[in-house]
Amino acid sequence: MSEEDNSKLAELNRRLNKTLDDERDAARQKRHDKGYRTARENLEDLVDSGSFNEYGQLAVAAQRSRRDYEELQTETAADGIITGLCNINRDEVGENASQAVVIINDFSVLAGTQGFFHHKKLDRMCELAEKSKLPVIMYAEGGGGRPADTDVSTQIAGLNITSFTSWAKLTGHSLKIAVNNGYCFAGNAALYGAADFCISTKNSWIGMAGPAMIEGGGLGTFDPKDIGPAEMHYKNGHLDFLADDEAEATAITKKLLSYFQGAKKYWEEKDQTPLRTMIPEDRRKGFPVRDILNTIADENSFLEMKKIFGRSVITGFMRIEGRPFAVLANDCQQLGGAIDSSAADKAANFIEICSAHGLPILSFVDTPGFMVGPDSEKEGAFRRMGELFKHGARIKTPLVGIILRRGYGLGAMAMMGGSFVDPIYSASWPNGEFGGMGLEGYVKLGFKKELEAEETEEKKKALFDKLVARMYEVGKATEAAAHLEMDAVIDPASTRETILKAFKSFGA
């Protein structure tokens, strides 16, 4: 190599180094002082070692006309957004399945704002993702649009930017997982909210405008931490997972992504015999359904989303013999397992995403049906619960339904994709019970005259209990299966085996 070539290589390395943390020590220290990571530290933790192929690393803010170019190379490194292709989870799912697109907004560059070249880099990644259908991971922290890119003199408002359309168009084609720590306002928040899954740290504030825009609109003066705190968004169901810090958020992101990447080579099965006694003999008593899910799932493979929103329906993921599945389950310890409007919204959205990205679905049913009554209808129940049927009818992936105990009414049907014949296989545990509505309600409604005719409360209760017991015998699992309203009644300890057999029969 000639001396001139050596000089050019040295100059290249000097330029590249200006974008790295060692050359931006003050910016790194400022992040660390807050207890935060740098963008490149998150990148290093997210991607497989040595796999990242960066795009647009030499970009700087479009401000050459107002700032020193040497300064821009360090202070506006990569124009505030790190983009590229990589592998994630390669050792678990293999080389081909682990390929992904990464977009990391860098708050240490002009508060993570979106400038001219920033948008061009973002659009480039979206174009590549659309062509390849690769999943995209975005770290969204940032302050929205940047008004100070003075080199751009051929636009007025900049509303012809295509980044938001490019990102949104990936929906249903490339899985989008967005992560946030810190402030995420305006355009950054719009991108964050358009992801399929939103993971946030507890130290996050997410809003469609930051303090300056709110004040400029005459709406008052606010501290940034008054705007969209993460705990509020998580409670309202707008975040899928609330992590303690960036390390946990990154770990959860990798685990969540892995279910959509495919099967794992190595797995460990738990003893299945405890499943036989996990449901109480008293049919009116609740039980922790997560214990059942964690037992059926491979060791440490169950991951729950939106845990504190729509609590009567659990949504999440598990593996069985390394194979990934989306999971729906009723939680009888919340509203008795009745599906309210929030739970219906949560389940419908979850089904839509998992179906679009080819993930088979497992539904574990124990519900008295949809939540009813005047208070429920005030929440628009008929529309929101109707959406669950609409999404269930459009499921493109195989669904297997396992009735753990109660399978009543429209709610149970919705949990099975709309009908008990919609799953590729439906089975009940032996203590399953079925009916058009809950047994107690059916007896009160259907035998109202007989009950009212009883002379005393004691006699009325005795008749009521007798009728409920009779209805239970008529609607128990073996009778429902005998009438072909489901495909089988199974030993709870064989649930894993049954599920795998069903999916294998359909090539899933």
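The values are calculated or read from the model by the stated rules, or taken from the named source; none is laboratory data. In this text the structure is predicted, and so the values were computed from the model without any measurement. Glycine gets a Cβ as well: all are built from the backbone with ideal geometry, and neighbour counts include every protein chain shown.
Of the numbered criteria (1) touching a Gly at 6+ places or on another chain (Cβ under 8 Å); (2) among the hydroxyl-bearing types (S, T, Y); (3) more than 14 Å from L328 (Cβ to Cβ), the one S376 fails is (1). Which of the following residues is assigned by TED's automatic domain parsing to the domain that holds K501, part of a helix (DSSP H, G or I), touching a helix residue (DSSP H, G or I) at 6+ places or on another chain (Cβ under 8 Å) and free of Cβ contacts under 8 Å to residues at least 60 places away in the same chain: T295, T315? Result of the check over T295, T315: T295. Filtered by the rule that a residue be more than 20 Å from the chain's Cα centre (by Cα), more than 21 Å from T38 (Cβ to Cβ) and either not in a loop (DSSP other than H, G, I, E, B) or not assigned by TED's automatic domain parsing to the domain that holds A77 (or both), the range 127-157 gives E127, L128, E130, K131, S132, G145. Comparison of G216, G210 shows that the only residue that is of a type outside the set (D, E, K, R), over 30 Å from S98 (Cα atoms), in the same structural domain as E44 (by TED's automatic domain parsing) and crowded, with 19+ Cβ neighbours inside 10 Å is G210.
Could you tell me whether any residue of the range 362-382 is closer than 27 Å to H173 by Cα and modelled with pLDDT of 95 or more? I'd like the intermediate steps shown before the answer.
Going through the range 362-382, the residues closer than 27 Å to H173 by Cα turn out to be 362-363.
From what is left, the residues that are modelled with pLDDT of 95 or more are 362-363.
For the range 362-382, residues closer than 27 Å to H173 by Cα and modelled with pLDDT of 95 or more: present.
Being at pLDDT 95 or above, outside any helix (DSSP H, G or I) and of a type in the set (A, V, I, L, M, F, W, C) is true for just one of L275, L242, L256. Which residue is that? Exactly one of L275, L242, L256 is at pLDDT 95 or above, outside any helix (DSSP H, G or I) and of a type in the set (A, V, I, L, M, F, W, C), namely L242.
Hey, can you tell me all the residues within the range 414-439 that are part of a helix (DSSP H, G or I) and surrounded by fewer than 24 Cβ atoms within 10 Å (Cβ to Cβ)?
The initial filter retains those residues of the range 414-439 that are part of a helix (DSSP H, G or I), namely 414-415, 439.
Correct list: L439 only.
Remark: pairs (first residue in the range 486-499, free of Cβ contacts under 8 Å to residues at least 24 places away in the same chain; second residue of a type in the set (A, V, I, L, M); Cβ separation under 9 Å; 6+ apart in sequence or on different chains) = E497/I490. Considering D91, D79, D48, the condition of being among the charged types (D, E, K, R), touching a helix residue (DSSP H, G or I) at 6+ places or on another chain (Cβ under 6 Å) and not in a loop (DSSP other than H, G, I, E, B) is satisfied by D79 alone.
Only one of E54, E23 is surrounded by 13 or more Cβ atoms within 10 Å (Cβ to Cβ) and either at pLDDT 95 or above or outside the structural domain of E127 (by TED's automatic domain parsing) (or both). Can you tell me which? If you could, list the steps in order and put the result at the bottom.
Numbers: E23 fails: either at pLDDT 95 or above or outside the structural domain of E127 (by TED's automatic domain parsing) (or both).
Answer to the selection: E54.
With the requirement that a residue be free of Cβ contacts under 8 Å to residues at least 12 places away in the same chain and within 33 Å of the chain's Cα centre (by Cα), what does the range 35-73 give you?
Residues satisfying the conditions are E44, S49, G50.
Of the residues making up the range 393-413, just one is under 20 Å from the mean Cα position of the chain (by Cα) and either closer than 21 Å to G336 by Cα or buried (at least 24 other Cβ atoms within 10 Å of the Cβ) (or both), namely L399. Of all residues in the range 98-121, one or more are of a type in the set (D, E, K, R), in contact with a strand residue (DSSP E or B) (Cβ under 6 Å, 6 or more places away or on another chain) and not in a loop (DSSP other than H, G, I, E, B). Any residue at all in the range 202-213 that's out of contact with any helix residue (DSSP H, G or I) (no Cβ under 7 Å at 6 or more places or on another chain), farther than 25 Å from L128 by Cβ, modelled with pLDDT under 95 and not in a helix (DSSP H, G or I)? Scanning the range 202-213, I find at least one residue that is out of contact with any helix residue (DSSP H, G or I) (no Cβ under 7 Å at 6 or more places or on another chain), farther than 25 Å from L128 by Cβ, modelled with pLDDT under 95 and not in a helix (DSSP H, G or I), so the answer is yes. Of the numbered criteria (1) assigned by TED's automatic domain parsing to the domain that holds H233; (2) in contact with a Ser or Thr (Cβ under 8 Å, 6 or more places away or on another chain); (3) not basic (K, R), the one T250 fails is (2). R67 meets all of the listed conditions (1) of a type outside the set (S, T, Y); (2) in contact with a helix residue (DSSP H, G or I) (Cβ under 6 Å, 6 or more places away or on another chain); (3) in a loop (DSSP other than H, G, I, E, B) but one, namely (2).
Beta carbons closer than 6 Å, at least 6 apart along the sequence or on distinct chains, pair a first residue in the range 366-387 that is in the same structural domain as R290 (by TED's automatic domain parsing) and under 13 Å from V313 (Cβ atoms) with a second that is assigned to a loop (DSSP other than H, G, I, E, B) and acidic (D, E) for M371/D340.
Scanning the range 214-239 for residues that are more than 17 Å from T113 (Cα to Cα) and outside any loop (DSSP other than H, G, I, E, B) yields E215, G216, K225, D226, P229, A230, E231, M232, H233, Y234, K235. Any residue that is in contact with a helix residue (DSSP H, G or I) (Cβ under 9 Å, 6 or more places away or on another chain), within 27 Å of K235 (Cα to Cα) and small (G, A, S) - is there at least one of those in the range 148-164? No, that holds for no residue.
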